[in-house]
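The values are calculated or read from the model by the stated rules, or taken from the named source; none is laboratory data. Bear in mind the structure is a predicted one, so any value in this text is a computation, not a measurement. We place every Cβ from the backbone using ideal geometry, glycine too, and count neighbours over all the protein chains shown. Side chains included, ligands, DNA and RNA excluded: accessible areas come from the protein's heavy atoms. Shrake-Rupley method; radii C 1.70, N 1.55, O 1.52, S 1.80 Å.
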Amino acid sequence: MRILFVASECYPLIKTGGLADVVGALPLALGRLGGDVRVMIPAYRGVVDKLDAVQEVATYGDVFGGPGRLLLGTTRDGLKVMALEAPHLYDRPGSIYVGPEGRDWSDNPRRFAALGAIGASVARFGASGWHPDVVHAHDWQAGLTPAYLAVSEDPHPPVVFTIHNVAFQGVCSASEFAGLGLPSWFFSPGGVEFYGNASFMKAGLVFADRLTTVSPTYARELRTPEFGLGMEGILNERAEVLSGIVNGIDDGEWDPETDPLLPAVYSARRPQGKARCKAEIQRRLGLADDPEALLFCVVSRLTGQKGLDLVLPHLDSIVARGGQLAVLGTGEPGLERHFTEAAARYPGRVAAVIGYDEVMAHGLQGGADAILIPSRFEPCGLTQLYGLRYGTLPIVSRTGGLADTVIDANEAAVRTGTATGIQFSPVTAAGLGFALERAFDLWADKKTWKKIQAKAMAHPVGWESSAAEYMALYDDLLGTRSV
Ligand code: ADP
Ligand code: GLC
């Protein structure tokens, strides 16, 4: 089966968050199940340089104000990527979404309409003889793909649209929408219109054949106003085509037994290397060299979604109970400042690295004892999956994919040996406070901690079963159900 992915990020070419991890890893897993996947992303500055065996497979005279072409190449992992080169849209410095003044690039509607339009063109006409059977579009940036396909009545492959985060809705004004080459009747409440503007996310929700999101719990939450953020109406209308499939991780990139970014490798059977990873990260971050200190880490965007403000009231008690905290993140200036100040206030006990650092993300997953993820909402979350794999116990709020992937160390789960981490609710500072107390109590009971850690590391977090679920969905959509 030939599957065209359309997305705005793909690890290892370009990444701002978990979307890139999924778009980089799921196609490889689908490939192992017989899928022939090509991933279309914009050729942002530097992307094509990271591809091997690059060849031109299509050219376009005018892509919203300039010429464009599609370049097919291969990543170091063998992923086939079609990079949409359109320098007037994508060849610029800095962030892929945000301009130098800290606001979204003003031409984002055109930049991502172009992605959708060329995605639809490849869906309909193919590229250099390759014709997809199914199109799989991801998040708002690819939301117009099914809309451009819906413009004509000609037959075209069916489209799956995956919501990775409904909080990012790709909203533009009616006048901007008018310049995107879609019929004006699309701008209606039954189409892309969203509270007086147009939403690319809504376009995906309205025009795709199937909708998925990245965990079963988030699929249910999305149908409520609290989590649906205005999209709950259309999601309830289309509930029969909406399902949740939990993300996996690329266990080639994230495996403590082979990870070249760790100072020592380890496994559940031979865990000694984890102590070396801890000593090394403590040294690197200027934390006290103390194997007995319960070391919590955070690897996250620092935004309201992630609930990290809830950690701040607990810094005193973490330090008072002999714990340590290492934060790696970037985002809202206020949160960046709070964690930087905390590091200055508690030298040797709290460290904050403000920035984006893939190597340190691995170092923290390897070296920390626990990872804090107190998200207010979390469609899936990947860092708790990395935490499980690395024996770094996830302490998570009970929402979205966090609820679906971590088994709380309650009395029954500890007794039956099924626990893999700690969950808490409500998502408040007090809720997190109880979870931290439970973590310290478990840490004091080394035997139980080790049991939970071994269970966490054995928990299946790879893509196998979720990739099979996507395959079944594509088969079902094509009416060739193979099971
Ligand atoms: P989201 O996509 O909402 O940010 P996920 O948990 O799905 O959350 O994915 C986040 C991804 O980004 C993970 O791979 C995580 O390791 C990575 N990440 C987040 N912040 C940083 C950072 N400051 N440095 C390095 N990696 C980061
Ligand atoms: C989004 C979500 C995150 C999810 C990721 C990949 O960024 O915030 O929860 O893991 O997409 O699906």
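Results, tabulated for the structure shown:
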{"read-out": "Size of electric dipole in the chain: Cβ of Lys, Arg +1 and of Asp, Glu -1, about Cα centre, debye, nearest 20", "value": "1020"}
{"read-out": "Accessible carbon and sulfur surface of the range 27-142 relative to its total accessible area, %, 1.4 Å", "value": "48"}
{"read-out": "Scattering profile of the chain at q = 0.06 Å⁻¹ [log10 I(q)/I(0), Debye over alpha-carbon scatterers]", "value": "-0.27"}
{"read-out": "Degrees between helix 333-345 axis and first principal axis of the chain (Cα, 0 to 90, nearest 10)", "value": "20"}
{"read-out": "Helix-only [θ]222 nm of the chain, DSSP H runs n ≥ 4, -39500 (n - 2.57) each, per residue, nearest 500", "value": "-10500 deg cm²/dmol"}
{"read-out": "Within-14-Å neighbourhood charge of ASN236 [Cβ basis; K, R +1; D, E -1]", "value": "-1"}
{"read-out": "Value of Rg/Rh across the range 344-399 [Cα atoms, Kirkwood radius]", "value": "0.99"}
{"read-out": "Ranked by how many other beta carbons lie within 10 Å on average, peptides 252-264, 56-68 from highest", "value": "252-264, 56-68"}
{"read-out": "Ratio of Rg to Rh over the range 272-458 (Cα coordinates, Kirkwood Rh, two decimals)", "value": "0.92"}
{"read-out": "The range 388-483: C-alpha gyration tensor shape, a/c 1.5 cut-off, then a/b vs b/c", "value": "prolate"}
{"read-out": "Listed residue pairs exceeding 18 Å between alpha carbons, taken from LYS15/LYS202; LYS278/LYS455; LYS202/LYS306; LYS274/LYS446", "value": "LYS15/LYS202; LYS278/LYS455; LYS202/LYS306"}
{"read-out": "Mean-position separation - Cα centroids, the range 310-382 and the range 99-124, in angstrom", "value": "33"}
{"read-out": "Solvent-accessible area per residue, Å², over the chain with all protein chains present [probe radius 1.4 Å]", "value": "39"}
{"read-out": "Within the accessible area of the range 272-458 (1.4 Å probe), percent carbon and sulfur", "value": "57"}
{"read-out": "For peptides 80-89, 307-316, sequence by mean Cβ density within 10 Å, most packed first", "value": "80-89, 307-316"}
{"read-out": "Accessible area of TRP140 in the full protein assembly, 1.4 Å probe (Å², nearest 10)", "value": "30"}
{"read-out": "For the chain, share of DSSP beta bridges that run antiparallel, in % to the nearest 5", "value": "30"}
{"read-out": "Antiparallel bridges, percent of DSSP beta bridges restricted to the range 25-145 (to nearest 5)", "value": "75"}
{"read-out": "Where a label projected 7 Å from the Cα of THR448 along Cα→Cβ would reach, residues of the range 350-371 with amide N under 17 Å", "value": "370"}
